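What follows is a set of notes on a single structure, which appears directly below.
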Amino acid sequence: MEAAVRILLIEDDVMLAEAVRTGLEQHEWRVDWLADAASARLALMDHSYTAVLLDLGLPRGHGLDLLRFARSRYDTTPVLILTARDKLSERISGLDAGADDYLVKPFQLDELAARLRAVLRRCQGRVLPVLAHRDVVIDLAKRVVTRGGESVPLGMHEYRTLLTLMENRGRALSRSQLEDAVYGGDGTIESNTIAVYIHQLRRKLGEDFIDTVHGYGYRVGDAKE
């Protein structure tokens, strides 16, 4: 069972990250390492992880903001915070933001592995919700979209666009809001990119599934919902 464990390590201290990755890989756990918040945000949008090890003081963003972002997207992946900040108020802030555990640096790798095992045991059987509108359902655990019970293959950016609209069902979103959600605020974006994804989604989910709010953007669902 442990061989299937995939950990995302978000840590900007290179020496510590290498030590943690080496130590956890001895348990036959796969460890993906990223050193900044912006890259980690995209990774959490693109991939499913068994658990996340999260430093708080990161380049290109703060660890707590990243945690809040993940929880706002119904991502219940277990998160263990790794930080040198040992004040009680900071530990409480991390737990209130959605962390499952908190380990203060410096720590022993054996304790880290033990805490990870404990967090994974506690989270076994946790059920992720789904998002649904009409006959379209997004399974957030599997990141699978179905229409009338049939799987609908979507590209990464199509999926992010649909997910953002479904998370805000009944609310009009501007093109810039969708661009930020799809690309995480990074990269150069062509002016008609979101319109292309909307066109592709309508072709796959029904022409009337996504409404155009003229002069503003797009919406899924009635404005009164």
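Throughout, read-outs are computed from the coordinates displayed, never taken from laboratory work. Everything numeric here is computed off the predicted structure, so don't read it as measured data. Here the Cβ is made from the backbone with ideal geometry for all residues, glycine too, and neighbour counts use every protein chain on show.
Have a look at the DSSP beta bridges in the chain and tell me what percent are antiparallel, nearest 5.
50 percent
Calculate, in nm to one decimal, what Arg30 and Asp86 gain on full extension: separation in residues at 0.36 nm each, minus their alpha carbon distance.
Going from the current span to full extension adds 17.4 nm.
For the chain, what does -39500 (n - 2.57) per DSSP helix run (n ≥ 4), summed and divided by total residues, give at 222 nm, in deg cm²/dmol to the nearest 500?
Working: 8 runs with 90 residues, N = 225.
So the calculated ellipticity at 222 nm is -12000 deg cm²/dmol.
Among Leu34, Leu53, Gly94, flag the residue with its Cα farthest along the positive direction of the charge dipole of the chain, charges on Cβ as +1 for Lys/Arg and -1 for Asp/Glu.
Gly94
Looking at the range 73-125, which chymotrypsin sites (Phe, Trp or Tyr not before Pro) are DSSP coil and have at most 13 other C-beta atoms within 10 Å of their C-beta? Walk me through the numbers before you get to the answer.
Working: sites: Tyr74, Tyr102, Phe107; in loops: Tyr74, Phe107.
Answer in residue order: Phe107.
Using 1/(1 + (r/R0)^6) with R0 = 30 angstrom and r between the beta carbons of Arg122 and His157, what's the FRET efficiency to the nearest 0.05?
The computed FRET efficiency comes out at 0.30.
Could you size up the charge dipole of the range 61-126 around its Cα centre, putting +1 on the beta carbon of Lys and Arg and -1 on that of Asp and Glu, and report it in debye to the nearest 20? Could you put the intermediate results ahead of the total?
Details: 12 positive and 9 negative charges, 34 e Å.
With Lys and Arg at +1 and Asp and Glu at -1, about 160 debye.
If I model a spin label at Ser176 and Thr212 as a point 7 Å from the Cα along the Cα→Cβ vector, what separation in nanometres do I get?
Rounded to a tenth, the inter-label distance reads 2.1 nm.
Using 0.36 nm per residue of separation minus the Cα-Cα distance, give me the extension gain between Glu18 and Gln108 in nm, one decimal. Kindly include the intermediate steps, with their values, before the conclusion.
Numbers: separation 90, 0.36 × 90 = 32.40 nm, distance 1.39 nm.
Answer, rounded to one decimal: 31.0 nm.
Just need the relative contact order of the range 130-219 here, percent rounded to a whole number, with Cα pairs under 8 Å and 6+ apart.
Details: 95 pairs, mean separation 23.1, N = 90.
RCO, the range 130-219: 26 percent.
Would the range 113-164 count as rounded, prolate or oblate if I go by the C-alpha gyration tensor, calling it rounded below 1.5 in a/c and otherwise prolate when a/b exceeds b/c, oblate otherwise? The partial results should precede the final answer.
Working: a/c = 3.34, a/b = 2.27, b/c = 1.48.
Taking the square roots of the gyration eigenvalues as a ≥ b ≥ c, the range 113-164 is prolate.
Once the Cα gyration tensor of the range 56-139 is diagonalised, what are the square roots of 5 times its eigenvalues, in whole Å and ordered largest first, as equivalent ellipsoid semi-axes?
Listed largest to smallest, the semi-axes of the range 56-139 are 28, 17, 10 Å.
Rounded if a/c is under 1.5, else prolate if a/b is larger than b/c, else oblate: which is the chain, with a ≥ b ≥ c the root eigenvalues of its Cα gyration tensor?
Prolate, because a/c is 1.5 or more and a/b exceeds b/c.
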